[in-house]
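S.K.: One structure, as structure tokens, below. Some questions next.
The values are calculated or read from the model by the stated rules, or taken from the named source; none is laboratory data. All of these numbers come straight from a predicted model, not from anything done at the bench. Cβ placement follows ideal geometry from the backbone for every residue including glycine, while neighbour counts extend to all protein chains displayed. Each accessible area value is taken on the protein alone, full model and side chains, heavy atoms only, with ligands, DNA and RNA left out. Shrake-Rupley method; radii C 1.70, N 1.55, O 1.52, S 1.80 Å.
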Amino acid sequence: MAIHDHTSQRLFVEADLVAGQPVAADANQSNYLLRVLRLGKGDALLIFNGRDGEWLCELRDVSKRGCNLVPVQQSRVQIAGPDIHYVFAPLKRARLDYTVQKAVEMGAARLVPVLTRHTVAERVNLERMRANTIEAAEQCGILVLPGISEPQKFDKLIAGWDSARRLIFCDEAAPVSDPIAALSALGSGPLAVLIGPEGGFAPEERDLLYAQPFATVISLGPRIMRADTAAVAAFALVNATLGDWAP
């Protein structure tokens, strides 16, 4: 039996969710529900806000101006999720969209754009990034919506790093070739996965990472991966050994 309901329409809302308390759908949501999906009064769907779990709700007060979503019954309680931050050098538009969506699916608790020497994207559209996190969460049954940090330069990020959060980064010259072995040696605690830019870290950036006591380097094997592929591979390894996939 499936753990989650993957057949019902799912929608993210900002409002608090309380049984019987109507939530007004915004203009875009109303248009999608009433005109695209052609739902009507009394039809059911799932809603969540990242704080109050997931709720089965009904469409009510349907009119040309919009509709209300009325929570009827909580279908899933809120969970915290793994405490893993995704720290990444932004990519260009389509591939950044993909990477953000995959990080959300993999359970990232926060997205942290970092500007490195070889970062190719000159600007980071945080609103677009948030829209992608919402879309991924809606489609994949995720209850936790990750926070999004303002972009910051690489050296500033490292200088201000909280040493209690282990920073895991990928390098083909990692001293331990087995990534599972390298990760298994770490203790429990908050984590971050750092994925560099397409051109790799500059020599001084790489040296800075190796010098940090809170940083752990892992290998992703003999093949060179694109940054978006490396992110998925690294998250899979971390989740399997230290995250919520681990036994």
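S.K.: Would you mind computing, in nm to one decimal, how far apart the modelled labels at Met225 and Glu198 are, each placed 7 Å from Cα along Cα→Cβ?
M.R.: It is 1.8 nm.
S.K.: A further question on this structure: Counting other Cβ atoms within 10 Å, keep those with at most 13, restrict to DSSP loop, and tell me which trypsin sites (Lys or Arg not before Pro) in region 115-148 are left. Intermediate results must be reported in sequence, preceding the final value.
M.R.: Numbers: sites: Arg117, Arg123, Arg128, Arg130; in loops: Arg117, Arg123.
Answer by residue number: Arg123.
S.K.: Could you work out the per residue convex hull volume over the alpha carbons of region 80-123, in cubic angstrom?
M.R.: Working: hull volume 2.8 nm³, N = 44.
For region 80-123, the hull spanned by Cα atoms encloses 64 Å³ per residue.
S.K.: With a Cα-only, solvent-free Debye model of region 40-141, what are the log10 I(q)/I(0) values at q = 0.11, 0.14 Å⁻¹?
M.R.: -0.47, -0.68
S.K.: Turning to a different aspect of this structure: Of the accessible area of region 47-92, with the probe set at 1.4 angstrom, what percent is carbon plus sulfur?
M.R.: In region 47-92, the share of accessible area belonging to carbon and sulfur is 51 percent.
S.K.: Continuing with this model, one more query. Ala27 to Val72: FRET efficiency via 1/(1 + (r/R0)^6), r the Cβ-Cβ distance, R0 22 Å, to the nearest 0.05?
M.R.: The formula returns an efficiency of 0.40 here.
S.K.: Also, quick follow-up: Could you tell me the relative contact order of the chain? Use alpha-carbon pairs under 8 Å, at least six residues apart, and round to a whole percent. Don't skip to the answer; put the middle values down first.
M.R.: On the way: 443 pairs, mean separation 45.2, N = 247.
Relative contact order for the chain comes out at 18 percent.
S.K.: A follow-up question, please. What's the FRET efficiency of Asp171 with Leu56 using the Cβ-Cβ distance as r and R₀ = 45 Å, to the nearest 0.05?
M.R.: Once rounded, the FRET efficiency stands at 0.45.
S.K.: DSSP loop GluC sites (Glu not before Pro) in region 76-157 with at most 12 other Cβ atoms within 10 Å of their Cβ, which ones?
M.R.: Listed in order of number, the matching sites are Glu122.
S.K.: Determine which lysines satisfy two conditions relative to Lys92: a Cα distance under 28 Å, and not lying fewer than 8 residues away in the same chain.
M.R.: Lys102, Lys153, Lys156
S.K.: Which value in Å does the Kirkwood hydrodynamic radius of region 117-245 take, with 1/r averaged over all unlike C-alpha pairs and then inverted?
M.R.: 16.1 Å
S.K.: How much accessible area per residue does the chain have, counting only protein heavy atoms and a probe of 1.4 Å, in square angstrom?
M.R.: Roughly 53 Å² per residue, with all protein chains present.
S.K.: Moving on to the next point. Give me the percent of DSSP beta bridges within the chain that run antiparallel, rounded to the nearest 5.
M.R.: Rounded to the nearest five, the antiparallel share is 40 percent.
S.K.: Work out how far the C-alpha atoms of region 114-179 reach from end to end along every principal axis, then list the three figures in whole Å, largest first.
M.R.: 40, 30, 25
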